[in-house]
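Got a structure for you, written out below as structure tokens; questions coming shortly.
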Amino acid sequence: MSYTTRTFNLPELTGLSDKQIQVHLGLYDGYVKNTNILQETLDSLEKENAPTYAIESTRRRLGFEFNGMRMHEFYFEQLENGATDEARGGALDEIVSAKFGDFDNFLANFKEVAMSRGIGWTILYMDRKNKDAADVPEAFVAWVSDHELGQLADTQILLALDMWEHAFMVDYTPAEKKDYVEAFFKNLNWQVVEERI
């Protein structure tokens, strides 16, 4: 079974140009295409009884392409249909407030992590297997340098911010990364994040 490049209902975004979004969507399309190519290649190599190193290398590369595809789907879904008010008073607020004290502290922490040096992803995870006394799942804000390495296993991604330079370099320089983060949040559809719970 192959994967299809998704289309996203993206409005005009504040602080993120159409050119930036088109460049970023093109990169996403490449992840989808390479995921399909690698799956086909792996099937062929296994049928041909190819050398083990060829099969192993293809398997390793598949994780990079697949997670690149999926992480970009998380990212673009969050920008669909326009920005909404912050998710205060609902399940997301409850989860992040249990960890960070309140929603404002969570948001400040998330933005601080996003400003980490280097390239990667800033991700809010929810761990349903670890709950507090009030039965609220554990929340984590984490930096993941390479999307195929360092993901927190068996957790739910609630919010994903792409901090690779391809996500902002048409509109912002690396020194203006903070402006990109602010632009992202101005366009965020918090309802999408809330629904992931």
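Values in this text are rule-based calculations from the coordinates and carry no lab data. Every value quoted in this text rests on a predicted model; they were computed, and no experiment measured them. Neighbour counts run over all protein chains shown; Cβ positions are idealised from the backbone, glycine included.
Treat segment 1-117 as a sphere of radius equal to its Kirkwood radius over Cα pairs and apply Stokes-Einstein at 25 °C in a medium of 0.890 mPa s; give the translational diffusion coefficient in µm²/s, rounded to a whole number.
Once the numbers are plugged in, D ends up at 141 µm²/s.
List the trypsin sites (Lys or Arg not before Pro) within segment 9-84 that DSSP assigns to loop and that have no more than 10 neighbouring Cβ atoms inside 10 Å.
none
Turning to a different aspect of this structure: Can you list residues whose amide H is under 5 Å from TRP121's amide H, if they're 5+ apart or on another chain and H is modeled 1.01 Å from N?
It is VAL144, SER145, MET163, by chain and number.
Could you work out the helix-only [θ] at 222 nm for the chain, with each DSSP H run of four or more residues adding -39,500 (n - 2.57) and the total divided by the number of residues, to the nearest 500 deg cm²/dmol?
After summing the helix terms and dividing by the residues of the chain, the value is -16000 deg cm²/dmol.
Which whole-number percentage describes the relative contact order of the chain, with Cα contacts under 8 Å and a sequence gap of 6 or more?
Taking the mean separation of contacting Cα pairs over the length of the chain, I get 28 percent.
Could you give the size of the charge dipole of the chain about its Cα centre, using +1 on the Cβ of each K and R and -1 on the Cβ of each D and E, expressed in debye and rounded to the nearest 20?
400
Read phi for every residue in segment 10-24 and hand back ³J(HN,Hα) as whole Hz from Karplus 6.51 cos²θ - 1.76 cosθ + 1.60, θ = phi - 60°, with x for Gly and Pro.
Karplus-based 3J(HN,Hα) across segment 10-24 equals 9, x, 5, 9, 7, x, 10, 6, 4, 4, 4, 5, 5, 4, 5 Hz.
Next up: Top mean-square fluctuation among LEU45, LEU27, LEU107, Gaussian network model of the chain, C-alpha springs under 10 Å?
LEU45
Could you give the dipole magnitude of segment 92-172 about its Cα centre, charging the beta-carbon of Lys and Arg +1 and that of Asp and Glu -1, in debye to the nearest 20?
140
I would also like to ask the following. Using +1 at the Cβ of each Lys and Arg and -1 at the Cβ of each Asp and Glu in the chain, identify which of LEU152, ILE37, ALA142 lies farthest towards the dipole's positive end.
Of the candidates, ILE37 comes out farthest on the positive side.
A further question follows. If you place +1 on the Cβ of every Lys and Arg, -1 on the Cβ of every Asp and Glu, and leave all else neutral, what size is the dipole of segment 90-139 about its Cα centre, to the nearest 20 Debye?
In total the dipole reaches around 300 debye.
Here's a follow-up. Select from LEU107, PHE66, GLN191 the residue farthest towards the positive end of the dipole of the chain; place +1 on Cβ of Lys and Arg, -1 on Cβ of Asp and Glu, and compute about the Cα centre.
Result: PHE66.
Still on this model: Can you tell me the 0 to 90 degree angle between the C-alpha axis of helix 91-100 and the longest principal axis of the chain, rounded to 10?
The angle comes out at about 80 degrees.
What list of ³J(HN,Hα) values in whole Hz, one per residue of segment 106-122 in order, does the Karplus curve 6.51 cos²θ - 1.76 cosθ + 1.60 (θ = phi - 60°) give from phi, with Gly and Pro shown as x?
After applying 6.51 cos²θ - 1.76 cosθ + 1.60, I find 4, 4, 4, 5, 4, 5, 5, 5, 4, 7, 4, 5, x, 10, x, 10, 9 Hz.
Expressed as an acute angle from 0 to 90° and rounded to the nearest 10, what is the orientation of the C-alpha long axis of helix 52-77 relative to the principal long axis of the chain?
30
Oh, and also: If you find the alpha carbon centre of segment 82-127 and of segment 45-72, how far apart are they in angstrom?
Spelled out, the Cα-based centre of one part sits 33 Å from the other.
Rounded to whole Hz and in sequence order, give me ³J(HN,Hα) for segment 145-159 from the Karplus expression 6.51 cos²θ - 1.76 cosθ + 1.60, θ = phi - 60°, writing x for Gly and Pro.
Result, ordered by residue: 5, 10, 5, 8, 10, x, 5, 7, 4, 6, 10, 9, 6, 9, 9 Hz.
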